[in-house]
Amino acid sequence: MAELARTPATPPTAIEEERTVSLWGEAWQRFRKNKIALVGTGIVLFFIMIAILAPWLAPYDYKEQQLAERLQPPSSEHWFGTDDFGRDIFSRVIYGARISLWVGFFSVLGSIVVGSLLGIIAGYYGRWIDGVISRLFDIMLAFPSILLAIGIVAVLGPSLQNALIAIAVINVPNFGRLIRSRVLSIKQEEYIMAAKAIGMSDWRILFHHILPNSLAPIIVQGTLAIATAIIEAAALGFLGLGAQPPNPEWGKMLSDAKDFLTQAPWTMIFPGLAIMLTVLGFNLMGDGLRDALDPRMKS
Amino acid sequence: MSDLLLEVKGLKKYFPITGGIFGKQIGMVKAVDDVTFTVYRGETLGIVGESGCGKSTTGRMLMRLIEPTDGSITFEGKEVTALSKTELRRLRRDMQMIFQDPFASLNPRHTVEKILEEPLIVHGIGSKEERKRRVREMLEVVGLGSYHAKRYPHQFSGGQRQRIGIARALMTNPKLIIADEPVSALDVSIQAQVLNLLEDLQKQFGLTYIFIAHDLGVVRHISDRVGVMYLGRMVELADSESLYEAPKHPYTKALLSAVPIPDPDHKAERQLLSGDLPSPANPPQGCAFHTRCSACMDICRAQRPALKEVATGHYVACHLYE
């Protein structure tokens, strides 16, 4: 037995540079096998490309008005038709991708940063700090989120930037609660106890051990939240509280088009389709990420 | 053996039970109730007892991972309970812990190299190259290969993971290692390997162990002295030989008679304990064991026996020996 203890558990014939698989690597392997998730990712990448390449892809300037050609149906010249100012809808939808993805991405990033910070503090330190932060989240969640967003924009003034801030704010409690619950469960893990026993500082435990282990649900929730944020931005745009004319925000385009719904349905269909497709892409990708990052949750 | 490393006096941990809408305190769980013992440099002190008897809580209090309610812990002449946060972190270089569950005690997102390097980073020991070299050395010391450094914990078996846990505890060259059930999550065949490893390391590095376990055979194998705990109290403390050959406390006797003997012809005279383990929230008056003791006297119900030396180095808390 004593000999056994001294022999290495695996013979040292293994090569030095062998392949090691991290949990992230394993998740990627699972994600790669999920066809639907790949379709979603494809859609998302497609819209990101459109947003980046907008100036080269769009045949017309998105704010160029040609009043003689107003409300033209789709044709070879104007693929998606024209709106009531004679602007090319195809070009406007393309530029709209920039706005929607911008708002979606940065509002969610803002929510994640603020929400994670509050959630981690609440979960790790507990006691009255947790009480204060959690009650704050409760209060915010008591309002219907879009109503809260409208209220925030009403105070700040209608603009795309303020819509982005409003959307970021209303999503903070969702992320905050998510992280808090993760921190509460990870805090009980033995490796956190081990980290304390080593003599690690709270700061190091939080950012080297607890945060990386909470990341998976944040990524999933973040992807799904981008989809919601895009819809919320469109809703604010529709209400005239988001992007201001002549910015081609998809929701704003819908609201402009509503008066010509019977006359020129294409003015509404194409921005609507763009919203639907982007949101679908993010949702499919988010579902795929969830299955890949937490295989136990998959039914 | 006379060189004192750690002295524990009157250690207590009471967990409050709260209830009602205002979270008022309605009771106390006396997880550890007045425990006193000493640990000498270079020895292995085993602590045994049923689950819930407070042995793990005691281990964690020694490192102040759980704050003691009362009592004193002196490590190399320093009062541990009075240390500031910074001093406490420095102390943790000298006192390390091995955990029970090798699947839970390693961060699943870190490579073995990162896990082992971290104690050195935290205490600011060595340059980057020196740290990496030490990680590789230590992997060899615990019977793994340096080529394991880049792997993740889930790529190892339970026994290998426990070796990683042991290596982590050794990184800072500690003087005292508190091993909290280090082999109870492992297969029996692996247990022996890990125990032998612990013994080898003790000789090699002159370590002192506090070995917490519920497996009496394991504790006997590795310990120089053994303390038996029951309901948060130390009921008997003696050197391994005399405790196993001549147990004094009725609880220790019953506990030892429950150890299976690998001999089919052996006629076991087992002393079965009647009744359940009383709740630590409401421990019996007097001696905590009197409700299940076959030799219970009137005094046992009224007065709590103190831990007394009845033979050289043999301490018992029982009225039978007064």
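The values are calculated or read from the model by the stated rules, or taken from the named source; none is laboratory data. Keep in mind that this is a model prediction, so the values were computed, not measured. Every residue, glycine as well, gets a Cβ built from its backbone with ideal geometry; the counts of neighbours run over all protein chains shown.
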Being farther than 15 Å from residue A:21 by Cβ and of a type in the set (S, T, N, Q) is the filter; apply it to the stretch B:140-157 and report the residue that is surrounded by the fewest Cβ atoms within 10 Å (Cβ to Cβ). B:157
Answer yes or no: is there a residue in the stretch A:155-177 that is buried (at least 19 other Cβ atoms within 10 Å of the Cβ) and either within 13 Å of another protein chain (Cβ to nearest Cβ) or among the basic types (Lys, Arg) (or both). yes
Within the stretch A:161-262, helices (runs of 4 or more DSSP H) holding 1 or more residues that are touching a residue at least 40 places away in the same chain (Cβ under 8 Å) and touching a Gly at 6+ places or on another chain (Cβ under 9 Å): A:211-238, A:250-257
Considering only the stretch B:200-215, how many residues are assigned to a helix (DSSP H, G or I) and surrounded by 17 or more Cβ atoms within 10 Å (Cβ to Cβ)? 2
Residue B:277 being in contact with a strand residue (DSSP E or B) (Cβ under 9 Å, 6 or more places away or on another chain), within 30 Å of residue B:125 (Cα to Cα) and of a type outside the set (Phe, Trp, Tyr): no
How many residues does the stretch B:182-199 contain that are crowded, with 20+ Cβ neighbours inside 10 Å, within 11 Å of another protein chain (Cβ to nearest Cβ) and not aliphatic (A, V, I, L, M)? 2
Just the residues that are within 23 Å of residue A:215 (Cβ to Cβ) and either more than 7 Å from chain A (Cβ to nearest Cβ) or β-branched (Val, Ile, Thr) (or both), please, taken from the stretch B:130-153. B:153
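Got a sec? Which strands (runs of 3 or more DSSP E) wholly within the stretch B:216-311 have at least 2 residues that are closer than 21 Å to residue B:35 by Cα and charged (D, E, K, R)? It would help to see each step written out before you state the result.
Values: elements: B:225-230, B:233-239, B:308-311.
Where strands (runs of 3 or more DSSP E) fall fully within the stretch B:216-311 and carry at least 2 residues being closer than 21 Å to residue B:35 by Cα and charged (D, E, K, R), they are B:233-239, B:308-311.
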Looking at residue B:174 and the list (1) away from every other protein chain (no Cβ under 14 Å); (2) within 21 Å of residue B:61 (Cβ to Cβ); (3) more than 14 Å from the chain's Cα centre (by Cα), which single condition is not satisfied? (1)
Look at residue A:92 and say whether it is in contact with a helix residue (DSSP H, G or I) (Cβ under 7 Å, 6 or more places away or on another chain), crowded, with 18+ Cβ neighbours inside 10 Å and among the basic types (Lys, Arg). yes
Confirm whether residue A:100 is of a type in the set (Ser, Thr, Tyr) and modelled with pLDDT of 90 or more. no
